[in-house]
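**Q** Have a look at this one.
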Amino acid sequence: MTGTRDDFLHTARSAADLLREPAVAAAWGEPSALREFSVGGLAGHLAYQILAVPRILDAPLPQERTVPLLEHYAHVRWIDAGVDDEVNVRIRDGGEQVATEGHSKLVLRVDSAIEELADKLTRQPDRAVRLPFWGPWSLMLDDLLITRMMELAVHSDDLAVSVGLETPVLPRNAVETVVDLLSRLASRRHGQTAVLRGLSRAERAPDTITAF
């Protein structure tokens, strides 16, 4: 199994530990730290990053062209969309739909998916995979797992902040992979000088170097 797959599984288990926290269950119907997302809906969106992967692995080999990781982010519609744009409304609705099964059932389903993936990912080649709603392209499996790792890391922070918990500490390799991806996306969005200054020169740092 590749290092990326191990890192994904560690990150998924960290997210599962956060999801089962009593503070998450207690705040299920309350607003989250993200606009228009309830805590339950945000938990559902976080869980989906894990739950989607077994279905992706069971799908037929895609016929769509396979693109590199960064090109994937050049195509996704949500990256520059506003909070009320259709794509982000659909993402929020999806998270809220996952949350309708309730906290306890969602935690059990996430745990089951991780157990399934711990077996499946040891036997899968690094082949092309895709989520149908992305668009007419696919990614290599390990690149797909990096995209899910980033989502898990970012939304674990969102969920922890929403319920007053400490943000989970992730394995170093996983964090380095996520930060590398985010820094590349930030450089593409703001330019290399802005990112260099944001990371090294407080007196010349721009107001933001966020990746999206």
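Derivation of every value follows stated rules applied to the coordinates shown; laboratory data play no part. Because the structure is a prediction, the values reported are computed rather than measured. As a convention, Cβ positions derive from the backbone with ideal geometry for all residues, glycine included, and neighbour counts pool all protein chains shown.
**Q** Which residue, 194, 121, 181, has the largest displacement toward the positive end of the dipole of the range 116-211 when charges sit on each Cβ (Lys, Arg +1; Asp, Glu -1)?
**A** So the residue furthest toward the plus end is 194.
**Q** Sticking with this structure for a sec: Once label points are set 7 Å from the Cα along Cα→Cβ at both residue 119 and residue 23, what is their separation, rounded to one decimal in nm?
**A** For residue 119 paired with residue 23, the spin-label model returns 3.5 nm.
**Q** Could you tell me which of rounded, prolate or oblate describes the range 132-198, using a ≥ b ≥ c as the square roots of the eigenvalues of the alpha-carbon gyration tensor, with rounded for a/c under 1.5 and, failing that, prolate when a/b is larger than b/c and oblate otherwise?
**A** oblate
**Q** To the nearest 20 debye, what charge dipole does the chain have about its Cα centre, counting +1 at the Cβ of each Lys and Arg and -1 at the Cβ of each Asp and Glu?
**A** It works out to roughly 480 debye.
**Q** Okay, next question. Can you check what the net charge comes to around residue 132, using other residues whose Cβ is under 11 Å from the Cβ of residue 132 (Lys, Arg +1; Asp, Glu -1)? Walk me through the numbers on the way to the answer.
**A** Numbers: positive: 55, 130; negative: 64.
Overall, the nearby charge balance is +1.
**Q** Given a Förster radius of 22 Å and the C-beta distance between residue 77 and residue 167 as r, what FRET efficiency does 1/(1 + (r/R0)^6) yield to the nearest 0.05?
**A** Efficiency, rounded to the nearest 0.05: 0.20.
**Q** Assuming R0 = 25 Å, what is the FRET efficiency of residue 65 and residue 112, from their Cβ-Cβ distance, to the nearest 0.05?
**A** The calculated FRET efficiency here is 0.15.
**Q** Sticking with this one: Find the percent of Cα-Cα distances in the range 3-167 that exceed 27 Å, and round it to a whole number.
**A** Looking at the range 3-167, the distances longer than 27 Å represent 23 percent of pairs.
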